[in-house]
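One structure below.
The values are calculated or read from the model by the stated rules, or taken from the named source; none is laboratory data. Keep in mind that this is a model prediction, so the values were computed, not measured. Counting neighbours? That spans all protein chains shown, and the Cβs are built from the backbone with ideal geometry, glycine included. Only protein heavy atoms, including side chains, enter the accessible area calculation; ligands, DNA and RNA are left aside. Shrake-Rupley method; radii C 1.70, N 1.55, O 1.52, S 1.80 Å.
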Amino acid sequence: MAAPALKPASLVAPAAPPQGAVVTLPARKPEVRSGLMLTRAREIAVTVVPPLIVLAVIMIIWQIAFAKPGASLPAPSVIWAESKDLILQPFFNNGPQDIGLGYRILISLQRVAIGFGLAAVVGVLLGALVGQSIWATRGLDPIFQVLRTVPPLAWLPISLAAFRDANPSAIFVIFITSIWPVIINTAVGIRNIPQDYRNVAEVLRLNTVEYFFKIMVPSAAPYIFTGLRIGIGLSWLAIVAAEMLTGGVGIGFFIWDAWNSSKLSDIIVALLYIGLVGFALDRLVAFIGGLVTRGTSAQ
Amino acid sequence: MTGYLKLDHIDKSFSRGGQTTEVLSDINLVIEKGEYVSIIGHSGCGKSTLLNLIAGLTQVSAGAVLLENREVNAPGPERAVVFQNHSLLPWLTVYENVKLAVDKVFSGRKSKAERHAWILENLDLVQMGHAKDKRPNEISGGMKQRVGIARALAMEPKILLLDEPFGALDALTRAHLQDSVMDIHARLGNTMIMITHDVDEAVLLSDRIVMMTNGPSARIGDVLAVPLARPRKRLDLVSDPRYIGAREAVLRFLYERHRLIEAA
């Protein structure tokens, strides 16, 4: 390749006379759809298969460990034999105290919805106050920091005394358990509103209500939803414990009832339900948070 | 109409922990309606503070800002600000960002349809009508700044305050936006005050250039009138002796008479 470099430029002739020619490129093969679906299936398998394998292993070990007669806990096969109606029929209704676990879960969820809903509204408002005002922070923050460490059930006797009824007491316990992370995270979110947004609000002369809904809440939304997500988890933790003590028809009382009548299989099925519902609640709040904060969190 | 906006013997100092720093000292300036005034100076000279004082986002320590002979002491839409980093609300679309301002300013005066038309008109003015349903994080920096300008213009301000509006943009985008701003100024005749640290930008856009000395206690060192007819064309100006002269005057002020001495 050194030869052309030695020649004067004028002598270097192009290998072929320059001609306008249309080069036909090979047509692109259309994406194979089945291949695409195969990768999709693969992705699903990657997330679903490992937990299934682990689950199967646990079940087998459990079965082997507790299969012998006189074992303290029922093996999976025993649970299936004793409580399969609970698993297969979540929604049956045979009278006031004999209803399916699905109904019980719904009743517990209703309590959580009221308690947590109140906590969300009050928590965001209080958090906004604490985040916005230095004096509110100084006055309220130490009190919040102390109260938030009180375990959920420690509130129960006092709320029973105050409300003189099991249902509002349980709801109050949910409320008081789940409000702290909402307050604290909202306050942090409000404190982190960029000065730019505050300036925009000032130039536009937004009033307090407009500022709250148009700047504060959307800007702090990622923080607020972090608080809500922690809060819903805590309220699901608290409801089971509260219902065990207050009675009624929730899933918590079901466990207590089953314990008193030595139906260990029923308890294990109930635990499974509680876990799945708690997981679903967490994902639900995360999903809503993802939708709401689409614009904000991408910053 | 003498003295649309008056800055009358303004001092500004900040106190923190018992220590008071004077940022601006004895600022006097009279700006006429329709004028384009740039404020230039080294960083830290308090030019942004001065703009915030006019906007009402910060309060003067002494003296007064007078707009049409009325004192300014709070922010308001008649002094709209185009912020350096656009300050669009990321959870709103481009249209909604402008709508927030329009709804607030014209809620009593324009019908819903009129407001809608006004939003679109302002977006078209900055050539952003095509992206009205996009969110800020889906458009480029130059486009965001255009929307910021549209939002400010849509408030129909008496004075448009631009805080280094092109500072964060690349050179080509910046030139493009400068032309847009010149065009808008020619069409609407707004009074505009712009903070900048770019000498060419100041000379190209301004009727007058206010040059600040270095802080602390920055003053107005000099005010240079730019004797160039409008409309101005970037390319024609390059060899114009008046342009070169004005540019040189600003450069001499900044790098000869008031060179920034780095803090030791």
Listed by first then second residue, the pairs whose first member lies in region A:280-299 and is more than 25 Å from residue B:87 (Cβ to Cβ) and modelled with pLDDT of 80 or more, whose partner is among the charged types (D, E, K, R) and part of a helix (DSSP H, G or I), with beta carbons under 7 Å and at least 6 positions apart or on separate chains, are A:282/A:229; A:285/A:229; A:286/A:229
Exception for residue B:247 within (1) outside any helix (DSSP H, G or I); (2) surrounded by 13 or more Cβ atoms within 10 Å (Cβ to Cβ) falls at (1)
In the set A:226, A:208, the lone residue that is on the phi < 0 side of the Ramachandran plot and either of a type outside the set (Ser, Thr, Tyr) or away from every other protein chain (no Cβ under 14 Å) (or both) is A:226
Q. Out of all the residues in region A:126-149, is one or more closer than 28 Å to residue B:148 by Cα, open to solvent by 50 Å² or more (accessible area, probe 1.4 Å) and of a type in the set (Ser, Thr, Tyr)?
A. no
When you scan region B:97-113, do you find a residue that is of a type in the set (D, E, K, R), open to solvent by 10 Å² or more (accessible area, probe 1.4 Å) and within 10 Å of chain A (Cβ to nearest Cβ), even just one? yes
So for region A:156-175 (the condition being open to solvent by less than 40 Å² (accessible area, probe 1.4 Å), touching a strand residue (DSSP E or B) at 6+ places or on another chain (Cβ under 9 Å) and without any contact (Cβ under 8 Å) to a residue 40 or more places away in the chain), does at least one residue qualify? no
Scanning region B:149-182 for residues that are part of a loop (DSSP other than H, G, I, E, B), over 12 Å from the mean Cα position of the chain (by Cα) and away from every other protein chain (no Cβ under 14 Å) gives B:169, B:170
Is there a residue being at pLDDT 90 or above, of a type in the set (Ser, Thr, Tyr) and touching a helix residue (DSSP H, G or I) at 6+ places or on another chain (Cβ under 6 Å) anywhere in region A:229-252?
yes
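Each row is one residue, and each column tells you yes or no for (1) open to solvent by 50 Å² or more (accessible area, probe 1.4 Å); (2) of a type in the set (Val, Ile, Thr); (3) outside any helix (DSSP H, G or I).
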| site | (1), (2), (3) |
| --- | --- |
| A:254 | no, no, no |
| A:258 | no, no, no |
| A:268 | no, yes, no |
| A:273 | no, no, no |
| A:280 | yes, no, no |
| A:283 | yes, no, no |
Flagged pairs (Cβ under 6 angstrom, 6 or more apart or on separate chains; first in region B:94-121, on the phi > 0 side of the Ramachandran plot; second surrounded by fewer than 17 Cβ atoms within 10 Å (Cβ to Cβ)) are none
Note on region A:86-99: residues surrounded by 13 or more Cβ atoms within 10 Å (Cβ to Cβ) and over 23 Å from residue A:245 (Cβ atoms) are A:87, A:90, A:92
Residue A:214 passes all but one of the listed conditions (1) open to solvent by 50 Å² or more (accessible area, probe 1.4 Å); (2) assigned to a helix (DSSP H, G or I); (3) away from every other protein chain (no Cβ under 14 Å); the exception is number (3)
Of the residues in region B:59-77 that are among the small types (Gly, Ala, Ser) and within 14 Å of chain A (Cβ to nearest Cβ), the one that is farthest from residue B:162 (Cα to Cα) is B:74
Sole miss for residue B:175 among (1) of a type in the set (A, V, I, L, M, F, W, C); (2) surrounded by fewer than 20 Cβ atoms within 10 Å (Cβ to Cβ); (3) under 29 Å from residue B:8 (Cα atoms); (4) touching a residue at least 40 places away in the same chain (Cβ under 8 Å) is condition (3)
Restricting region B:124-148 to residues that are away from chain A (no Cβ under 14 Å), over 19 Å from the mean Cα position of the chain (by Cα) and part of a helix (DSSP H, G or I), the one surrounded by the most Cβ atoms within 10 Å (Cβ to Cβ) turns out to be B:131
Within region B:30-87, the residues that are farther than 23 Å from residue B:101 by Cα, hydrophobic (A, V, I, L, M, F, W, C) and under 14 Å from the mean Cα position of the chain (by Cα) are B:31, B:37, B:39, B:40, B:50
Within region B:82-96, of all residues that are within 8 Å of chain A (Cβ to nearest Cβ) and open to solvent by 10 Å² or more (accessible area, probe 1.4 Å), the one modelled with the lowest pLDDT is B:85
Listed by first then second residue, the pairs whose first member lies in region B:69-85 and is closer than 22 Å to residue B:181 by Cβ and touching a residue at least 60 places away in the same chain (Cβ under 8 Å), whose partner is charged (D, E, K, R) and assigned to a loop (DSSP other than H, G, I, E, B), with beta carbons under 6 Å and at least 6 positions apart or on separate chains, are B:78/B:158; B:84/B:164
Picked from region A:193-205 (must be more than 7 Å from chain B (Cβ to nearest Cβ) and assigned to a helix (DSSP H, G or I)), the residue least open to solvent (accessible area, probe 1.4 Å) is A:201
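Here's the yes/no breakdown for (1) closer than 17 Å to residue B:50 by Cβ; (2) small (Gly, Ala, Ser); (3) in contact with a His (Cβ under 9 Å, 6 or more places away or on another chain):
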position: B:207; (1), (2), (3): no, no, no
position: B:212; (1), (2), (3): yes, no, yes
position: B:225; (1), (2), (3): no, yes, no
position: B:230; (1), (2), (3): no, no, yes
position: B:237; (1), (2), (3): no, no, no
position: B:246; (1), (2), (3): no, yes, no
